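Structure first, commentary second.
Every read-out reported here was derived from the displayed coordinates using simple, explicitly stated rules and does not represent laboratory data. The shown structure was predicted, so the numbers you read here are calculated from the model rather than taken from an experiment. Cβ sites come from the backbone with ideal geometry, for glycine too, and all protein chains shown count toward neighbours.
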Amino acid sequence: MSRFCLSICLLFVAAFAASAQPNGKIQQSVVRISANDLQPDYKAPWNAGALQRGTGAGFLIDGGRVMTNAHVVSNSRYLTVERDGDPNKYPARVLFVAHDCDLALIEVVSPEFKKNMVPLTFGGIPELESTVSAYGYPIGGQRMSVTTGIVSRIDFQLYTHSAIDQHLAIQISAQINPGNSGGPVMQNGKVVGVAFQGYSGDVAQGVAYMIPTPVINRFLKDVGDGRYDRYVDLGVTYGRLQNPAQRRFLGLPDDDRGVLVWTVIAGSASDPALRAGDVLLSIDDHPIASDSFVELEGTRVEMPEVVERKFKGDKVKLDILRDRKPMTITIELGPLWPYLMQGHSYDVRPRYVLYGGLLFQPLSLDLMQAYQPQDLRLRHYYDFYVSEQLYLQHPEVIVLTNILADPINTYHSPYRGSIVNEINGTKVRTLDDLANAFAQPAEQFVIRMIGDGPPLVLDPKAVDAARERIKTRYNVAREQNLNAEPPPKPPVGEEQP
């Protein structure tokens, strides 16, 4: 064979290898993560919880850290990381976790782990109809898998891990299965997203999502000071202004610009600077179209994306129209805490007070899913907690969730699922209020629930006499937990259970 032919063959082989691995040797960057976690028991919150095991993926980034999904490491008690071609399981620990955007950083202490590993770098937002590749360990497999698909949508989507947060997400046709979570989605040798959720066949076929780099970069910047401060929020609801008659009524020209403020959440960053009925015309000098989109970095995105890229304490400038008069206001941004009640909680023990066999707990999404209550008043307080600003009177909605049957609490079952209003005439706004009320000396405790009906009455002397009996009968280790504290975790390097 001539040298010319040999050169052509070598070029062909090199080109074939490049096309076969367009993103390089990903095996040197992607890892398999195994997690042992404890799922809290909201029906018996003094228990440790149910032990579960799961797997996911991650990838090495700058600084020797491994990026993955928050839901891969949530409630974890022990983590191990495995590399392709390495039989060792390396113990790891969580450095930062962001449940509102489903991202986490973990660290492997062993110096052997990073040998011959290559950190991945980040790219931008991929174009629609462009091709991407998702890497991971689906369905618990031991060897790395790659699936390829196209970018089919770039839009705001609900992040199911928290169940309340919406951020920018990219829909792809590549298959995302359990075990893919946390793995990189690559294009031209760079990470353009993190695989995190998809739909099952009974909802939609071949629909999966990845977390795009604007969300990833914001997370990495937020934890740069050693802590994660969560996303900030304007604290308003708004509607599109595309109806010509409505625009004329508000004094707007026919320029397809502006959205209408419907509500302003009391206590939010926008209260009292904004009012219902204001028209938002621009945000940080980005004109707001009547369909609520703005142009940001050459791409049309929904208006909240401007706020999404900011941090606690940052300011945003709004040009508005109020009563047909133009105004400019500046708002300092911060998190919006009332929404947290309607989202999942992770890495904390359930809060509760057990008194006289009566279990009191703050209302939350996890509580609703555990008990599946049918009481209409309770469901109303949950569904309209933010929109009707119920949090102003009830920062926590305290519910009598369960009754550990004993002679001192007989005939109290009709009160199960009721919301506590006051004890001995003192308003109960938080779980601490309830615990403090029961700690006061009294001949009897008169517990009034929200709504009509007679109060529930307890005899403190009878409760004290029955305390040890109830604790022993129902294996109650602690009668209350007032703090949202994480469960203790074993040190890194301890033997895997």
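Details
- Inverse mean reciprocal Cα-Cα distance (Kirkwood Rh) of the stretch 352-481, Å: 15.1
- Under-5 Å amide H pairs with LEU95, H placed in peptide plane, nonlocal only: LEU105, ILE106, GLU107
- DSSP loop trypsin sites (Lys or Arg not before Pro) with at most 12 other Cβ within 10 Å: longest gap in the chain: 325-477
- C-alpha long axis of helix 460-473 to longest principal axis of the chain, angle in °: 40
- Taking every alpha-carbon pair under 8 Å whose residues sit at least 6 apart, the chain reaches a relative contact order of 11 percent.
- Charged neighbours of HIS286, selected by a Cβ distance under 12 Å, balance to -3 (K, R count +1; D, E count -1).
- Nearest 10 degrees, 0 to 90: helix 3-20 Cα axis against the chain principal axis: 10
- Taking θ as phi - 60° and the Karplus parameters 6.51, -1.76 and 1.60, the scalar couplings of the stretch 220-230 work out to 5, 6, 4, 7, x, 8, x, 8, 10, 9, 6 Hz in sequence order, x denoting glycine and proline.
- Remark: the stretch 423-429, residue by residue, has Karplus-estimated 3J(HN,Hα) of 10, 6, x, 9, 5, 10, 9 Hz, where x stands for each Gly or Pro and the curve is 6.51 cos²θ - 1.76 cosθ + 1.60 at θ = phi - 60°.
- Between the amide H of ARG77 and those of ASN36, ASP37, LEU38, distances stay under 5 Å, these residues lying 5 or more places away or on another chain, with hydrogens modeled in the peptide plane.
- Cα-Cα over 19 Å, subset of LYS89/LYS221; LYS190/LYS312; LYS115/LYS190; LYS25/LYS115; LYS43/LYS427; LYS190/LYS310: LYS89/LYS221; LYS190/LYS312; LYS115/LYS190; LYS43/LYS427; LYS190/LYS310
- Entry for the stretch 26-228 at q = 0.08, 0.13, 0.15 Å⁻¹: log10 I(q)/I(0) = -0.25, -0.66, -0.89, Debye formula applied to identical alpha-carbon scatterers, no solvent contribution.
- In this structure the amide hydrogen of ARG257, modeled in the peptide plane, comes within under 5 Å of the amide hydrogens of SER290, none closer than 5 places in sequence on its chain.
- Here the translational diffusion coefficient of the chain follows from Stokes-Einstein with Rh set to the Kirkwood radius across Cα pairs; for 4 °C and 1.567 mPa s it amounts to 50 µm²/s.
- Loop-located chymotrypsin sites (Phe, Trp or Tyr not before Pro) in the stretch 365-423 (DSSP state not H, G, I, E or B) with no more than 11 neighbouring Cβ atoms inside 10 Å: PHE384, TYR411.
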